[in-house]
1. Please list the helices of the chain that count as membrane-span-like by this rule: a mean Kyte-Doolittle hydropathy of at least -1.0 together with Cα atoms stretching 27 Å or more along the helix axis, each helix being a complete DSSP H run.
2. In a Gaussian network model over the chain where Cα atoms closer than 10 Å are linked, find which of ALA274, ALA156, ALA95 has the largest mean-square fluctuation.
3. Whose amide H sits under 5 Å from the amide H of THR100, counting only residues 5 or more places off or on another chain, with H placed in the peptide plane?
4. Given the -39500 (n - 2.57) contribution per DSSP H run of 4+ residues, what per-residue ellipticity at 222 nm results for the chain, rounded to the nearest 500 deg cm²/dmol?
5. Scale the Cα Rg of segment 149-372 by the rule-of-thumb value 2.2 N^0.38 Å and send over the ratio, two decimals.
6. Roughly speaking, what % of Cα-Cα pairs in segment 20-143 are separated by over 24 Å, rounded to a whole number?
7. Putting +1 on Lys and Arg Cβ atoms and -1 on Asp and Glu Cβ atoms, find which of GLY297, LEU216, ALA256 reaches farthest to the positive end of the dipole of the chain.
8. With θ set to phi - 60°, apply the Karplus curve 6.51 cos²θ - 1.76 cosθ + 1.60 along segment 342-357 and write out the HN-Hα couplings as whole Hz, x wherever there is a Gly or Pro.
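Read the figures in this text as sums done on the coordinates, not as results from a lab. The structure presented is a predicted model; accordingly, all values stated were derived computationally and were not measured. All Cβ positions, glycine included, derive from the backbone under ideal geometry; neighbour counts span all protein chains shown.
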Amino acid sequence: MADQHAQSGEDKRPTEIPVIRWEEPPEGPVLVLLDQTRLPVEEVELVCTDAPMLVEAIRSLAVRGAPLLGIAGAYGVALAAVRGFDVDDAADALAGARPTAVNLAVGVRRAQAAYRAELARSGDTDKAAEAALAAARKLHRDDAEASARMAERGLALLDELLPGGGHRVLTHCNTGSLVSGGEGTAFAVALAAHRAGQLRRLWVDETRPLLQGARLTAYEAARSGMAYTLLTDNAAGSLFAAGEVDAVLIGADRIAADGSVANKVGSYPLAVLARYHHVPFIVVAPVTTVDRDTPDGASIEVEQRAGFEVTEVTAPQVPVTGPGGGIPVAPLGTQAYNPAFDVTPPELVTAIVTEEGVVSPVTAEALAEVCARSREVTIG
């Protein structure tokens with residue numbers, strides 16, 4: 001296991017480059033993304049001039065993470081509108097780029113609805129494009145605010161469940177500022193604990209097969225001066241058995257109406273381990289991640305990704321020989337099972353932390369109440 005001790009001094013931003021921004025150069029508006037496939041080796045920007053480029057960036061995981069996908073999707077609709085492309089076609093392509101991540105479709109449909117409403121009102125495509133862009137920018141701001149509130153609520157919950165501080169928190173995948181308009185979801189809670197002097201250790205799952213934990217969460221933890229330790233996914237059990245985990249914090253890509261949680265594959269085994277070892281298993285996600293049209297976990301469509309992500313590894317500046325562009329680690333022709341997500345049933349989830357409140361115990365009724373509270377705030 002690689003270990004990193006806390007650094008002194010003020011927190012550093014995980015990256016000086018914004019993960020997403022709208023720019024309007026003379027040649028026309030563009031959406032600029034921090035290419036997360038290149039991290040942590042280099043910080044490289046990816047410029048999208050149209051929706052198809054953004055769709056490819058989403059599918060390749062250059063831009064990823066539930067909240068950020070929603071923001072990107074909304075900006076993608078605005079980009080199509082401003083550049084004069086068919087908005088509905090762009091919206092459909094963007095919404096379907098990653099089927100499990102509900103925030104993506106939410107962001108796309110919000111910007112599309114704003115475009116349609118203004119077009120119906122004024123008949124002016126330029127004004128409709130401005131309305132779509134305004135909707136995207138509002139979603140971006142709202143997510144930053146939601147991130148801060150989730151961090152506050154999550155830290156309060158940790159203090160309630162684990163009085164005395166000195167928390168040793170295990171996290172999976174990447175849930176920091178790289179996936180958000182703010183400081184993230186689950187990672188934002190850990191970061192708040194760190195700033196309050198209450199985080200003893202952040203355990204970072206490497207998160208196979210694409211190593212979002214090793215590449216991205218460790219990157220953010222190091223840049224934030226947090227005490228963290230990287231471990232292989234299959235070492236988590238021994239960590240629990242040794243009594244080294246006080247709580248598990250994860251994000252979510254879709255939460256069904258009954259409280260079932262779809263998150264990066266490998267989350268469900270952590271929930272089982274946490275239940276056996278009597279460790280709180282906490283999900284942190286904005287209410288936009290709750291899909292009330294999906295009744296339960298069995299109804300969640302789980303994205304199946306290409307097998308080469310399992311049978312090959314990629315490394316910067318290393319010659320590649322595999323059909324997927326990586327270094328083969330399995331015999332040619334090996335079939336691979338590669339779901340992007342798994343689903344944790346609500347009875348294994350201690351709490352779901354949203355910007356509108358904490359749901360615990362996790363029930364369909366309690367989750368619906370929090371969602372209704374969010375709609376009341378939006379309407380008001």
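1. Values: long enough: 102-122 (30 Å, 0.00); 125-161 (53 Å, -0.34).
Qualifying helices: 102-122, 125-161.
2. ALA156
3. Answer set, sorted by chain and number: GLU303.
4. Values: 11 runs with 145 residues, N = 380.
Only helices count here, giving -12000 deg cm²/dmol.
5. Working: Rg = 17.5 Å, N = 224, 2.2 N^0.38 = 17.2 Å.
In units of the 2.2 N^0.38 Å rule of thumb, it is 1.02.
6. Values: 1476 of 7626 pairs.
In whole percent, the share of Cα-Cα pairs in segment 20-143 beyond 24 Å is 19.
7. My answer, from the dipole projection, is LEU216.
8. After applying 6.51 cos²θ - 1.76 cosθ + 1.60, I find 10, 10, 9, x, x, 5, 9, 9, 5, 7, 10, 9, 10, 5, 9, x Hz.
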